[in-house]
1. Looking at the range B:202-256, which of its residues are within 19 Å of the chain's Cα centre (by Cα), over 15 Å from B:Asn63 (Cα atoms) and crowded, with 21+ Cβ neighbours inside 10 Å?
2. Within the range B:156-176, count every residue that is in contact (Cβ under 8 Å) with a residue 12 or more places away in the chain and open to solvent by less than 30 Å² (accessible area, probe 1.4 Å).
3. Testing A:Phe9 on (1) crowded, with 20+ Cβ neighbours inside 10 Å; (2) more than 12 Å from ligand 1 (Cβ to nearest atom); (3) within 14 Å of chain B (Cβ to nearest Cβ), one condition comes back false. Which one is that?
4. Give me a count of the residues in the range B:181-234 that are outside any helix (DSSP H, G or I) and of a type in the set (Gly, Ala, Ser).
5. Give the number of residues within the range A:32-59 that are more than 15 Å from ligand 1 (Cβ to nearest atom) and surrounded by fewer than 16 Cβ atoms within 10 Å (Cβ to Cβ).
6. Among B:Leu88, B:Leu9, B:Leu13, which is the only one that is outside any helix (DSSP H, G or I) and not β-branched (Val, Ile, Thr)?
7. Does any residue of the range A:98-114 turn out to be buried (at least 18 other Cβ atoms within 10 Å of the Cβ), within 16 Å of ligand 1 (Cβ to nearest atom) and either farther than 27 Å from A:Val221 by Cβ or without any contact (Cβ under 8 Å) to a residue 40 or more places away in the chain (or both)?
8. Mind listing whichever residues of the range A:142-194 are within 16 Å of ligand 2 (Cβ to nearest atom) and β-branched (Val, Ile, Thr)?
Amino acid sequence: MPASPLVEFCDVTKRFGDGPIVLDRVSLAAQEGDFVSLIGPSGCGKSTVLRLLAGLSPLTAGTIAIDGMAPDAAAAELAFVCLEPTLLPWLTVAHNVEVPQKLRGVPAVERSATRRHVLELVRLAEKADAYPRQLSGGQKMRVSIARALALAPKILLLDEPFGALDEMTREHLNEELLAIREKEAWTAFFVTHSVAEAVFLSNRVFVLSSHPGRIQREIAVPLPYPRTEETRLSPAYHELVANVSRVLRSVETAAA
Amino acid sequence: MNPMSRPFLKLLLPAATGALVLALWYAIHFFLSEDRRFLLPPPDAVLAALRDNAPFLARAALNTSQGALIGFGLAVVVSFALSLLLSLSPLVRASLYPYLMALQLTPLPILAPICVIWAGAGLASVSLLTFAIAFFPLVVNTTQGLISTDRNLVELFRLYGAGQWQQLFILRVPAALPYFFTGLRIAATLAPIGAVVADMNAGSSAGDGGGLGFQAIIYSSQARYPALFATAAVTCVLGFVFNAVVLAVAWLALHHWHDSYERTDK
Ligand SMILES: Nc1ncnc2c1ncn2[C@@H]1O[C@H](COP(=O)(O)OP(=O)(O)O)[C@@H](O)[C@H]1O
Ligand SMILES: [Mg+2]
């Protein structure tokens with residue numbers, strides 16, 4: 001019998017005010033340790049799924065359970081990384097990484113230990129005293145991830161975190177993200193536009209259709225972890241990418 | 001460009017402009033018919049007047065600085081507190097802004113006698129009037145800064161469970177600093193001018209309390225034009241000092257991170 005899911009969406013429906021229905025009876029369950037990717041046409045409600053999960057916006061109908069709790073009660077178990085690195089420009093990298101803990105009243109000694117640890121994880125220890133504007137786009141994103149990890153979250157929500165980066169940097173950070181996950185077991189919800197990225201990272205890919213947003217198909221990615229450069233060359237990987245692309249295209253033509 | 005030449009040009013060009021202005025000044029002075037040359041005393045005469053009147057001008061400058069500083073400081077403190085209040089909601093802004101505008105729109109020479117009725121002529125009135133004139137740009141800019149915080153950052157703070165006070169002092173206030181300093185620079189320009197005008201309208205010379213405005217009235221009534229020009233020069237210097245200090249503080253607070261300052265990578 002499978003363990004009870006860490007995150008469970010039951011018939012989740014969402015509309016903003018009296019606008020159109022954005023998400024229509026979305027149901028999904030993620031086990032602890034899953035790396036879930038959400039992919040779908042722009043505007044289909046992927047970000048909304050994450051925002052509901054983070055308790056940043058109320059549900060219209062249905063329920064979300066995180067570890068058996070409602071999203072706003074489970075906030076302490078979540079961390080969010082989004083497209084923009086959202087660093088505080090007036091703080092150094094070190095201080096940025098410490099912000100979440102500072103907000104929770106964690107004492108300074110403990111904060112600086114965590115900060116060293118997470119900056120080590122994203123391999124930016126030497127940039128601790130730099131200001132955000134002195135970093136490249138990829139480095140800023142790594143700081144943003146480090147900050148998210150500083151709270152040792154059980155669940156990491158990532159909304160197109162590498163969407164603004166170039167292909168090379170993106171692939172590199174994908175590998176780095178998985179390497180970090182080898183050391184720190186969290187469950188991931190990852191929104192992306194890139195099929196290759198979704199397949200490379202996840203063990204489960206959900207393809208969403210739009211207007212209203214629904215889960216069109218779940219595709220399992222049975223490639224073994226740890227995944228590396230080699231994974232990208234394997235025929236199984238390519239077949240999965242082709243498969244997900246096909247489903248995504250069918251969703252997009254249906255929408256057009 | 002040659003890396004040596006830039007700082008050099010930065011000194012040379014203003015010096016050249018200065019020399020040009022001086023030359024033009026003398027030219028106009030000597031171009032005027034002899035009986036009209038009093039209209040523009042030459043720079044050396046102004047310098048001589050500055051030297052001869054140094055004790056008076058120094059005391060006046062000190063008095064004016066005092067009024068300007070008190071008014072300016074008061075404006076910073078009060079505007080900050082008021083901006084926090086105004087940043088709470090559009091409703092608060094709608095109910096208070098018109099009256100703040102009214103204060104700003106009343107010309108100082110009209111405000112001055114009212115102030116004198118309340119506080120008497122002298123330092124208190126000069127400070128209050130300086131406050132009144134320096135305060136508006138500070139409130140407007142700081143409030144704008146406090147309500148312009150990046151929504152993504154606000155959301156991030158919400159997600160991390162930040163309380164209202166944490167959001168205010170860890171996020172909104174630092175994010176508003178560049179706006180605050182914009183207001184501060186305008187206020188620093190207005191404060192010394194405000195103090196001089198206030199001195200003319202609500203100052204008092206009792207107990208050597210007269211400021212530069214008073215001094216200017218005296219010199220002009222006695223037709224001591226070089227001394228009047230010297231007073232103008234002292235007023236300018238005072239304004240420059242105010243601005244320089246504010247620029248320096250702004251630099252200290254912002255140059256590491258704000259994009260209005262060049263990035264200096266070590
Ligand atoms: N705060 C909001 N108010 C009103 N409509 C919104 C809001 N956020 C998102 N939407 C709408 O919900 C739909 C899904 O948005 P989103 O979840 O951001 O899509 P995606 O991330 O898949 O591109 C879009 O049509 C968008 O316009
Ligand atoms: Mg989105």
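1. B:Ala250
2. Within the range B:156-176, the first condition is being in contact (Cβ under 8 Å) with a residue 12 or more places away in the chain, and the residues that meet it are B:157, B:167-168, B:170-173, B:175-176.
Right, trim to open to solvent by less than 30 Å² (accessible area, probe 1.4 Å) and you get B:157, B:167-168, B:171, B:173, B:175-176.
Looking only at that region, the number is 7.
3. In the conditions (1) crowded, with 20+ Cβ neighbours inside 10 Å; (2) more than 12 Å from ligand 1 (Cβ to nearest atom); (3) within 14 Å of chain B (Cβ to nearest Cβ), A:Phe9 misses (3) alone.
4. 7
5. So the count comes out to 2.
6. On the way: B:Leu9 fails: outside any helix (DSSP H, G or I); B:Leu13 fails: outside any helix (DSSP H, G or I).
None of the other options fit; the residue is B:Leu88.
7. Checked against the condition, which is being buried (at least 18 other Cβ atoms within 10 Å of the Cβ), within 16 Å of ligand 1 (Cβ to nearest atom) and either farther than 27 Å from A:Val221 by Cβ or without any contact (Cβ under 8 Å) to a residue 40 or more places away in the chain (or both), the range A:98-114 yields no hits at all.
8. Listed by number, the residues that qualify are A:Val191, A:Thr192.
The values are calculated or read from the model by the stated rules, or taken from the named source; none is laboratory data. Predicted model, so just to flag it, every value in this text is computed and none were measured. Glycine gets a Cβ as well: all are built from the backbone with ideal geometry, and neighbour counts include every protein chain shown. The area values use the complete protein model at the heavy-atom level, side chains included, leaving out ligands, DNA and RNA. Shrake-Rupley method; radii C 1.70, N 1.55, O 1.52, S 1.80 Å.
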